[in-house]
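Take a look at the structure set out below.
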Amino acid sequence: MSDGILFDIKKGWGVLIGVPALLFFAYLFPLIPGLMDLPLCGAKHFLGCKCPGCGMTGAFVELCRLNLRGSIASHPLGIFVMAWLVYSFFREVLGLVLGRRPPTMLSQKCRDVVMYAFLAALIMQWVFHLIIDFFVI
């Protein structure tokens, strides 16, 4: 095994350990007494307004419980983030099995477009929820 391949595989250990840990925690999250009562978002707790990621934890919890409607209600982009995390996990597993990184499916330009589209969607849904919260409250 060359140093380059070993370096690439070590780089993916965060994904290989972090994604299953996140899924495990999201599944157990509602079962831990008192945890649902804690403020999970510092912006919402201290500033009184939601941040762009508010509801993402709830979306992950609902996805782990296979509740698609609850996930969309918590945060509509949670499904896409979870899909990306699961894809990243399986890509790293495949890299370990093959002994090298699998080729990327998209060019760097396409990945940039997807990232900017996701960020635009994140900001749009955040602004939408801020407007709704402002007029409803």
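Computed quantities for the displayed model
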item: Residues satisfying the stated conditions in the stretch 92-116, i.e. within 17 Å of Val19 (Cβ to Cβ) and without any contact (Cβ under 8 Å) to a residue 40 or more places away in the chain; result: Leu94, Val97, Pro102
item: Residue check, Arg69 modelled with pLDDT of 85 or more, loosely packed, with under 11 Cβ neighbours inside 10 Å and either under 20 Å from the mean Cα position of the chain (by Cα) or over 18 Å from Gly18 (Cα atoms) (or both); result: yes
item: Number of the condition not met by Cys41 [criteria: (1) at pLDDT below 85; (2) within 23 Å of Val15 (Cβ to Cβ)]; result: (2)
item: Complete set of residues in the stretch 53-95 that are at positive phi and touching a helix residue (DSSP H, G or I) at 6+ places or on another chain (Cβ under 6 Å); result: Gly55
item: Restricting the stretch 10-55 to residues that are in a loop (DSSP other than H, G, I, E, B) and small (Gly, Ala, Ser), the residue that is surrounded by the fewest Cβ atoms within 10 Å (Cβ to Cβ); result: Gly34
item: Residue check, Phe135 farther than 26 Å from Gly12 by Cα, without any contact (Cβ under 8 Å) to a residue 40 or more places away in the chain and of a type in the set (Phe, Trp, Tyr); result: yes
item: Count - residues of the stretch 72-127 that are basic (Lys, Arg) and in a helix (DSSP H, G or I); result: 3
item: Residue within the stretch 76-85 that is over 12 Å from the mean Cα position of the chain (by Cα), without any contact (Cβ under 8 Å) to a residue 60 or more places away in the chain and within 30 Å of Trp126 (Cα to Cα) present; result: no
item: Residue in the stretch 111-133 that is of a type in the set (Gly, Ala, Ser), out of contact with any Lys or Arg (no Cβ under 9 Å at 6 or more places or on another chain) and at pLDDT below 90 present; result: no
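One line per residue, one yes/no per condition, for (1) acidic (Asp, Glu); (2) loosely packed, with under 12 Cβ neighbours inside 10 Å:
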| position | (1), (2) |
| --- | --- |
| Ser88 | no, no |
| Val93 | no, no |
| Leu98 | no, yes |
| Arg111 | no, no |
| Tyr116 | no, yes |
| Leu122 | no, no |
| Trp126 | no, no |
| Leu130 | no, no |
| Asp133 | yes, no |
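The values are calculated or read from the model by the stated rules, or taken from the named source; none is laboratory data. Since the model is a prediction, treat every value here as computed from it, not as a measurement. Positions of Cβ are backbone-derived with ideal geometry, glycine not excepted, and every protein chain shown enters the neighbour counts.
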